[in-house]
Amino acid sequence: MLSLKDVTYAARLLRRDPGFTAVVVVSIALGIAVNTTVFSIVHATLLGDLPVREPGRLLALDGGNSISWPDFRDYRAQAGDVFQGVAGYFPLVPVNLSDGGRPERVWGQAATGNYFDVAGSQPVLGRGFTAEDDAERGKSPVVVLSNGLWKRRFGGDSAIVGRKVTMNNQPYSVIGVAAPGFTGTIRGFVPEFWVPLSMVHELMPDIGKIDRERRDSHWIIANVRLKDDVSREQALARVNVIKKRIQDTYHKDRKQFAPARLEPAGGMPGEIRTQTITFVSVLMVVVGMVLLVACANVANLLLARAASRQKEIGIRLAVGAGRGRLVRQLLTESLLLASLGAAAGFGLSMIAVRAVAQLELPLPFPLQWDFSPNLAVFGYAVAMTLVTGLLFGLVPALRATKPDLLGALKEDSGTMGRLRSFGLRNGLVVAQVALSLVLLIGAGLFLRSLRNASTIDTGLKHAGNVLLMAVDPKLHKYTQAQSEQFFRELERRLETTPGVRSSSLLDVVPLSIGGSSMDYEYRSAAGPRTINGHVFNVGARYFETMGVGLVRGRDFGRDLVNSRKVAIVNETAVERLFGAEDPIGKVIQRDKDKYEVIGVVRNSKSRSLGEGAEAMVYHYINQDFGAVMSFFGTVIAVRTDGRPESLVPAVRNHIAALDPHLAVFNTETMGDHIGKALLIPRLCATILGICGVTGLVLATVGLYGVLSYTVRRRTREIGIRMALGAPAGGVLRAFTGQGLVLAGVGMVIGLAFSFLVSRFAAPLLYGVPPTDPVTFLGVPGLLLAVALIAALIPARRAARTEPIRALRYE
């Protein structure tokens with residue numbers, strides 16, 4: 001057990017050597033900071049409990065993946081013996097909210113009547129839903145507001161219950177306000193309201209198109225709450241019986257039975273969760289390597305410090321101090337150093353997670369994770385402090401207290417066993433260099449990837465001058481004719497606005513994570529050909545506005561509104577569908593719909609910067625505004641002469657003049673949107689860049705420390721050699737060579753390891769092979785140059801040693 005006397009004595013010793021203390025604290029702070037930052041991200045996205053009653057008993061059916069409404073009913077009716085309740089909800093419901101200020105687009109959820117009971121969180125004002133609220137389709141226009149929306153839009157008015165709020169131009173009665181901190185049961189998505197599931201088709205016309213009774217129409221997510229005397233294993237067995245019965249009855253064509261899953265509610269569904277776990281696992285390995293480099297560096301420094309304290313330790317052993325007592329004292333010093341470093345690292349990590357929280361994904365709906373420090377993150381930091389303190393402190397403490405009293409009292413340089421001690425320090429440096437090289441190669445790969453991604457030709461030549469703003473008349477139940485009239489008048493007004501070069505409409509902004517792909521068929525004389533094309537609904541002048549070159553044919557125009565359905569395809573689609581044939585005038589088919597090809601445009605990026613040449617099919621949005629999904633709304637793209645942001649007030653005023661209740665959302669420039677598409681390569685390059693530089697600095701300090709320590713221990717030997725005629729150049733070469741040998745061994749090991757692990761980074765790299773020769777040759781060259789400098793400084797000091805002074809050195 002540590003004592004206050006040990007801590008006081010350790011603090012006094014560290015205060016006497018501020019340079020040593022500062023180097024160790026900074027080393028540990030950097031290692032703890034990156035580890036705590038990544039753990040904060042992991043905890044917020046994957047681990048933390050939901051703010052509900054008994055979160056461990058709230059589970060997501062089938063891992064949070066959506067199921068059909070008939071399947072949901074079967075689970076609810078047949079699993080009452082293991083569950084207190086089965087609740088369902090549709091997770092993403094956008095609405096235009098007109099009360100409490102400027103019209104605003106907010107996102108919420110539609111849930112069954114027992115949602116709040118099953119979730120285990122009751123409203124702080126009013127009530128939640130009941131079975132009657134969800135009994136009849138379209139008959140209960142009631143809403144529960146989130147605590148955040150209640151405070152932000154309605155000033156925290158305690159009389160809000162019973163008031164009407166206008167959503168999508170329809171009145172809804174507020175029946176409750178959710179408890180503070182309750183943000184639903186999907187981690188990351190923060191709904192701002194809840195309505196009964198029976199009202200979802202009223203708020204979202206797209207959902208009204210779904211046949212709720214189809215077993216293959218998956219759109220609802222189910223949460224379940226275990227009964228008090230039922231385990232998860234028992235419940236899972238019951239659920240699998242029900243799922244097998246459903247498959248045998250309704251899905252007899254399925255050959256294999258996929259067992260159901262019951263996982264803690266709040267997790268990400270399916271593939272997204274797998275990808276996230278993979279990504280954060282790689283990050284944890286990377287930052288773990290940084291911590292190992294830091295620990296190796298500090299262990300080397302402590303070994304050197306222990307060597308300088310041999311006489312002190314020898315005297316204490318000679319007068320009867322037990323070895324265990326001395327080990328405890330030295331470990332107290334190590335843990336105190338680790339605590340100081342951890343405190344600084346924890347502060348740095350809080351700054352880092354705040355920066356991470358500001359990052360935005362190119363998605364149409366908001367995501368928000370709570371990265372604020374909590375007990376779990378603090379506990380992790382404390383655990384890392386103890387682990388690092390023991391990791392870098394135990395071996396030096398044991399070696400320093402090795403009983404060799406005669407040698408210690410004589411301050412013999414060989415007391416600690418030259419070969420073994422020096423071998424340990426050499427091994428630590430080799431490990432530092434190897435790990436640092438892996439980090440630096442990773443940083444080099446991702447920095448080159450980021451550079452490539454930043455210079456990728458998106459095919460959108462005017463991206464820097466395009467303003468994007470979205471509206472969703474569909475939520476206000478605009479008909480096709482009303483939508484066409486609204487946007488025609490808006491485009492007319494924009495044409496007369498100073499600074500506007502052109503404008504157009506679209507449904508999904510390129511480089512968004514989302515959109516749809518459909519199969520298209522062309523029936524030629526040689527037989528049918530099929531492609532899977534990325535689908536975009538755009539207006540006239542879209543290609544002019546975004547800077548996508550028209551190769552042949554014509555653009556969309558108002559004369560085509562009432563004609564047969566038309567399409568424009570890109571060069572890749574032409575190559576795969578038509579080959580050498582002229583595509584103009586040809587007819588392609590999607591399901592039962594036929595489209596006449598009227599134009600061909602150049603290739604441009606569709607979903608991501610790293611994609612290859614994708615087939616793209618553009619439809620004329622004015623022919624069918626109903627095809628625009630409410631997840632995205634209809635985007636107004638405005639190409640400007642100057643800064644796009646300067647036109648935001650003018651465009652808003654035009655929209656408000658046509659419909660003052662219509663919310664404007666997702667306002668950004670195309671340049672900003674492309675910047676969001678660079679999030680992953682930028683994040684990887686930043687994290688690995690910081691880790692790589694940190695590892696390089698620590699490895700350099702470690703190498704310098706080992707050679708400085710060696711020079712200090714061998715001062716008398718060097719003096720004797722030089723007194724006997726050894727040239728200074730020989731001494732310089734010997735010590736420099738020793739440093740380069742250490743660095744060389746570390747780099748060989750690091751290169752071998754880098755070749756093994758770099759292939760796992762291939763899916764995240766843009767235009768850079770995982771064994772990129774520039775990186776694998778350039779980074780070792782940089783590290784070797786730094787190692788040479790680190791070796792030269794103590795080597796020059798050794799070469800300048802005066803023989804007489806060295807022979808007198810004790």
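The values are calculated or read from the model by the stated rules, or taken from the named source; none is laboratory data. Keep in mind that what you see is a predicted model, and the values were worked out from it rather than measured. Every residue, glycine as well, gets a Cβ built from its backbone with ideal geometry; the counts of neighbours run over all protein chains shown. Accessible surface is based on the protein model in full, side chains and every heavy atom, while ligands, DNA and RNA are left aside. Shrake-Rupley method; radii C 1.70, N 1.55, O 1.52, S 1.80 Å.
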In the chain, what percent of the accessible surface is made up of carbon and sulfur (1.4 Å probe, ligands and nucleic acids excluded)? 59 percent
Given the rule -39500 (n - 2.57) for each run of at least 4 DSSP H residues, summed and divided by the residues of the chain, what is its mean residue ellipticity at 222 nm, to the nearest 500 deg cm²/dmol? -16000 deg cm²/dmol
Starting from the Cα of K243, draw a straight line to each of the aspartates and glutamates and keep only those under 12 Å, dropping any in the same chain fewer than 8 residues away. D62, D71, D74
Angle between the Cα long axis of helix 69-78 and the longest principal axis of the chain, 0 to 90 degrees, nearest 10? 70 degrees
Whichever lysines have a C-alpha closer than 18 Å to that of K402, once near sequence neighbours (fewer than 8 apart) are set aside: K311, K410
Taking semi-axes √(5λ) of the Cα gyration tensor in Å as the quantity of interest, determine which of (1) 41, 34, 27; (2) 42, 38, 29; (3) 62, 35, 24 was computed from the displayed structure. (3)
K461: which lysines have alpha carbons under 17 Å from its alpha carbon, excluding same-chain residues fewer than 8 sequence positions away? K605
Taking Cα atoms, how many degrees apart are the long axis of helix 232-250 and the longest axis of the chain, rounded to 10 and kept between 0 and 90? 40 degrees
For A785 and I513 in the same chain, what is the full-extension length gain: residue separation times 0.36 nm, less their Cα-Cα distance, in nm? 93.7 nm
Take D593 and T249, extend 7 Å from each Cα along the Cα→Cβ direction, and tell me the distance between the two endpoints in nm. 3.6 nm
In Å², what does the accessible area per residue of the chain work out to with a 1.4 Å probe? 43 Å²
Under a 1.4 Å probe, counting only protein heavy atoms, I720 has an accessible area in Å², nearest 10, of 80 Å²
Ordering of 583-594, 322-333 by packing [mean C-beta count within 10 Å, highest first]: 322-333, 583-594
For the residue pair R127 and S3, what label-to-label distance in nm results when each label sits 7 Å from Cα along the Cα-to-beta-carbon direction? 6.6 nm
Can you tell me the orientation of helix 480-495 relative to the chain, as the angle in degrees between its alpha-carbon axis and the longest Cα principal axis, to the nearest 10? 60 degrees
Per residue of segment 212-228, what does 6.51 cos²θ - 1.76 cosθ + 1.60 with θ = phi - 60° give for ³J(HN,Hα)? Whole Hz please, x for Gly and Pro, Karplus curve as stated. 5, 8, 7, 6, 9, 9, 9, 8, 10, 9, 10, 10, 10, 10, 5, 5, 4
What does the highest-first list of 102-109, 256-263, 658-665 look like by mean Cβ count within 10 Å? 102-109, 658-665, 256-263
Using alpha carbons only, how many angstrom separate the centre of segment 507-559 from the centre of segment 162-216? 33 Å
Which whole-Hz ³J(HN,Hα) couplings does segment 150-165 yield from phi under the Karplus relation 6.51 cos²θ - 1.76 cosθ + 1.60, θ = phi - 60°, glycine and proline marked x? 4, 6, 6, 9, 10, x, x, 5, 5, 9, 5, 5, x, 6, 9, 10
